[in-house]
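Presented below is the structure to which this report refers.
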Amino acid sequence: MKYDVIIVGAGPAGLTAARIISKKGFRVAVFEKERRLGVKLCGEAVSKKTLEDAFGTLPKDITVQEIKQAAVYAPNGNNVMLKEWSGVGYVMNKKLFLQCLAEKAVEAGIDILMNQKVVDVKRKDGLGMVKTRRGEWTSSLILGADGFTSIVSQKFGFEKKRKRELISCLQYVMVNCNLSNTQIIRFYLGRSVAPLGYVWIFPKGEKKANVGIGVRGKPAKPYLDKFIREHPNIFSKAKIIGIEAAPVTISGLLDKIVDDNVMLVGEAAGQVIPLTGGGIHASMAGGRTAGETVIEALEKEDLSKNILAGYVKNYQKHWGKRIRDSLKALRVLEKLEDEELNKLADVLTQQDILDLANGINITRVGRKFMKHPLFSLKLAKALLTS
Ligand SMILES: Cc1cc2nc3c(=O)[nH]c(=O)nc-3n(C[C@H](O)[C@H](O)[C@H](O)COP(=O)(O)OP(=O)(O)OC[C@H]3O[C@@H](n4cnc5c(N)ncnc54)[C@H](O)[C@@H]3O)c2cc1C
């Protein structure tokens, strides 16, 4: 069977690209190794803009909890409340979200092949070849949307082994929590709380929450269990009804994400905001941008890396810069000891935290630190160098 495009992976990136390309009448197949969509663990927090970009009008039942504020806690327990979040976020049902994305893509004409793990990909006679245990398929282009373990990236030599930096995450689904305000998502920082990462509490209704941790260089479980023990006001009557673990790529965009007849999108390409580990919006943007370039390439009947490079150029303009700047902020913050983080919390405004987290306008924050006796050397220089 010959397709114009074969997409490996039915996550936010793959399904978005599939819909865009198929809408123009090209034959697109999406191969997904799992039997169901959305098996991979996720905190499920997204901005309103993410869902608007995905669907225009919000499909029913995708959002579980509206989020109006975010609270960031320093190691000493003091917090900065981010009120700019007013009305702009949700904790959603990611499985349903992906089902809706898949529905839209199928309506646009794609084939979706579930439970079909891609075990090999290669280029032969100017075409892409994709192999699963059930057969072989060819296409003009292979799009690797297969996440952090990307077989497409590995087989086409896009990245060197162990170059991708991952943060290990563990998440509990907890019920009977005592959440004083269900419209606040909470982030807890500090080496004693989550070494080189953070703990999150994302409410999913009155008493239910996704409670997770990301850490580097230490095991996640003891830290998450300790955090839960140390917050009896929230968790004394709570029980864990789900446990899942998965890593997130936090080293930014890979140096190379296109070649003749092949490209990477989403987390496979490193399209995650490094400081937060949030990647749904960045991956969908990757899927959309890649999809637009693929249409152009198919129309010109030229799937060479020179044409496909247009995708990289367009992605770099906004998202690439955000990812780079967020990575810069991460590199700066990961050097701070808990005492310094406590002091930083006193200095940063809501806007500073939002900008650092999202990789937006970080030179403004850098300039502000220039005047600070403690942070001028340690933070300002790193944020201001390009
Ligand atoms: C613990 C945790 C919490 C997170 N929380 C958030 C959050 O709250 N908000 C946010 O924005 N982001 C969050 N993220 C990040 C977000 O989940 C990812 O950035 C996003 O899902 C990436 O989308 P993707 O389509 O690129 O890849 P993925 O979602 O990883 O999808 C890849 C797909 O490819 C499939 N696949 C892989 N290999 C093969 C193969 N060989 N053959 C066929 N199919 C294959 C997989 O099964 C999967 O369905 C979180 C991640 C983790 C681990």
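Below is a table of values for the structure above.
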| quantity | calculated |
| --- | --- |
| Residues that are under 15 Å from SER251 (Cβ atoms) and either in the same structural domain as LEU82 (by TED's automatic domain parsing) or at pLDDT below 85 (or both), drawn from region 333-375 | GLY359 |
| Filter result for the condition that a residue is under 17 Å from GLY197 (Cα atoms) and in contact (Cβ under 8 Å) with a residue 40 or more places away in the chain, over LEU298, LEU275, LEU303, LEU308 | LEU275 |
| Residue count for region 140-173, restricted to those that are assigned to a loop (DSSP other than H, G, I, E, B) and touching a residue at least 40 places away in the same chain (Cβ under 8 Å) | 9 |
| Leading residue by the ranking (nearest to TYR3 (Cα to Cα)) among those in region 121-136 that are part of a loop (DSSP other than H, G, I, E, B) and within 14 Å of the ligand (Cβ to nearest atom) | ARG134 |
| Residues that are buried (at least 21 other Cβ atoms within 10 Å of the Cβ) and among the polar types (S, T, N, Q), drawn from region 30-89 | THR50, GLN65 |
| Considering residues of region 216-259 that are within 14 Å of the ligand (Cβ to nearest atom) and in a strand (DSSP E or B) only, the residue nearest to LYS163 (Cα to Cα) | THR249 |
| Within region 203-240, considering residues that are within 24 Å of the chain's Cα centre (by Cα) and β-branched (Val, Ile, Thr), the one surrounded by the fewest Cβ atoms within 10 Å (Cβ to Cβ) | VAL215 |
| Some residue of region 233-245 being of a type in the set (Gly, Ala, Ser), in the same structural domain as ASP146 (by TED's automatic domain parsing), under 19 Å from GLY11 (Cβ atoms) and modelled with pLDDT of 95 or more | no |
| Subset of region 199-215 (residues that are out of contact with any Ser or Thr (no Cβ under 7 Å at 6 or more places or on another chain) and part of a loop (DSSP other than H, G, I, E, B)) | LYS204, LYS207, LYS208 |
| Scan of region 100-120 for residues that are within 14 Å of the ligand (Cβ to nearest atom) and either part of a helix (DSSP H, G or I) or among the hydroxyl-bearing types (Ser, Thr, Tyr) (or both), ordered by number | LEU101, ALA102, ALA105 |
| Only one of LYS226, LYS239, LYS256 that is free of Cβ contacts under 8 Å to residues at least 60 places away in the same chain and not aliphatic (A, V, I, L, M) | LYS226 |
| Residues being within 12 Å of the ligand (Cβ to nearest atom) and either in a loop (DSSP other than H, G, I, E, B) or not hydroxyl-bearing (Ser, Thr, Tyr) (or both) - total across region 174-198 | 3 |
| Strands (runs of 3 or more DSSP E) fully within region 1-70 counting 2 or more residues that are in the same structural domain as THR138 (by TED's automatic domain parsing), closer than 26 Å to GLY135 by Cα and at pLDDT 95 or above | 2-8, 28-31 |
| Failed item, numbered, when ALA108 is tested on (1) over 23 Å from ILE280 (Cβ atoms); (2) modelled with pLDDT of 95 or more; (3) of a type outside the set (D, E, K, R) | (1) |
| Test result for ALA345, hydrophobic (A, V, I, L, M, F, W, C), part of a helix (DSSP H, G or I) and within 16 Å of the ligand (Cβ to nearest atom) | no |
| Matching residues in region 68-97 - criterion: being touching a strand residue (DSSP E or B) at 6+ places or on another chain (Cβ under 6 Å), hydrophobic (A, V, I, L, M, F, W, C) and within 11 Å of the ligand (Cβ to nearest atom) | VAL91, MET92 |
| Residue match in region 312-327 (condition: within 13 Å of the ligand (Cβ to nearest atom) and either assigned to a loop (DSSP other than H, G, I, E, B) or surrounded by fewer than 17 Cβ atoms within 10 Å (Cβ to Cβ) (or both)) | no |
| Any hit, region 19-36, residues being within 8 Å of the ligand (Cβ to nearest atom) and farther than 30 Å from ASP302 by Cβ | yes |
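The values are calculated or read from the model by the stated rules, or taken from the named source; none is laboratory data. It should be emphasised that the depicted structure is a prediction, and the values quoted were computed from it without experimental measurement. Cβ: placed from backbone, ideal geometry, glycine included. Neighbour counts: every protein chain shown.
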